[in-house]
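For reference, the structure is listed below as structure tokens.
Computed from the coordinates by the stated procedures, all read-outs in this text should not be read as laboratory data. Quick caveat, the model's predicted, so the values are computed rather than measured. We place every Cβ from the backbone using ideal geometry, glycine too, and count neighbours over all the protein chains shown.
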């Protein structure tokens, strides 16, 4: 039985990727005099901003100071998203439905706390709606390692098998499966085939389809349990 829902942030609750890419491009140009492309960051999506920035720095052979350059990037990002970042379709309604059903809720993002809280504030979702908020600074190993989701389950007080994770990135789907959780891919940036190949049990276009996805997972789980008993 599913008793908890864990959300990735970017590409699930909101689409902040264009804005963090914009801020990161600005950082490389303004602090290092190097012109990078937004697409350079795509292979590092979902791995946390340390890898997001250092991965591109390696591509261009740029020596960055991760602490100061990341701070610059986040400061720039928080300015960029004002009045521009909005929740993805179905987000508010799905969270309200989960709360009405007394499901445990968590955000588990590889980003730092400043970005997680900045995003939630901008899209109008209070931190108090979640029973746990996990950011990338709270675990040593980032996605695709399962650590961030396992920590979320512990803070929620549920077993991993009772959790469903909504993720838009391959690394996040792999992390959820490695944690022993249900994984639902959100097709905000990747298609059904790519997310399924990564291990997603199912995919949705956005969170307006999430309740139906959970119902299907629970039905399939009951059928599998019945078949095992009868077999």
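What is the helix-to-structure angle for 147-156, meaning the angle in degrees between its Cα long axis and the longest Cα principal axis of the chain, kept from 0 to 90 and rounded to the nearest 10? Once rounded, the angle reads 60 degrees.
Counting each DSSP H run of 4 or more residues in the chain as -39500 (n - 2.57), what helix-only mean residue ellipticity at 222 nm follows after dividing by all residues, to the nearest 500 deg cm²/dmol? -15000 deg cm²/dmol, from helical runs alone.
Calculate how large, on average over all directions, the projected area of the Cα convex hull of the chain is; give the answer in nm² to one decimal.
Numbers: hull surface 50.2 nm².
Hull-based average projected area comes out at 12.5 nm².
Between the Cα long axis of helix 210-230 and the first principal axis of the chain there is an angle of about 50°, rounded to the nearest 10. Sorted largest first, the principal axis extents computed over the alpha-carbon atoms of the stretch 80-210 equal 35, 32, 30 Å.
Packing-wise, with mean Cβ within 10 Å as the measure, how do 29-42, 197-210, 1-14 rank, highest first? Can you show the working numbers first?
Working: 29-42: 13.6, 197-210: 19.9, 1-14: 22.6.
Descending mean neighbour count gives 1-14, 197-210, 29-42.
Order 77-86, 109-118 from most to least packed using the mean count of other Cβ atoms within 10 Å. Walk me through the numbers before you get to the answer.
Working: 77-86: 15.4, 109-118: 21.5.
Peptide ranking by packing, descending: 109-118, 77-86.
Take the alpha carbon gyration tensor of the stretch 82-141, find the square roots of its eigenvalues, order them as a ≥ b ≥ c, and report rounded if a/c is under 1.5; if not, report prolate when a/b exceeds b/c, else oblate. It would help to have the intermediate numbers written out before the result.
Details: a/c = 2.35, a/b = 1.18, b/c = 2.00.
In terms of gyration-tensor shape, oblate.
Extending 7 Å from the Cα toward the beta-carbon at both residue 31 and residue 137 defines two label points whose distance is 1.5 nm. Here the chain carries DSSP beta bridges of which approximately 5% are antiparallel, counting only pairs with both residues inside.
Over 14 Å, how big is the tail of the calculated P(r) for the stretch 17-80, in percent of all Cα pairs? Roughly 48 percent, rounded to a whole number. Relative to the longest principal axis of the Cα atoms of the chain, the long axis of helix 49-59 makes an angle of roughly 50 degrees.
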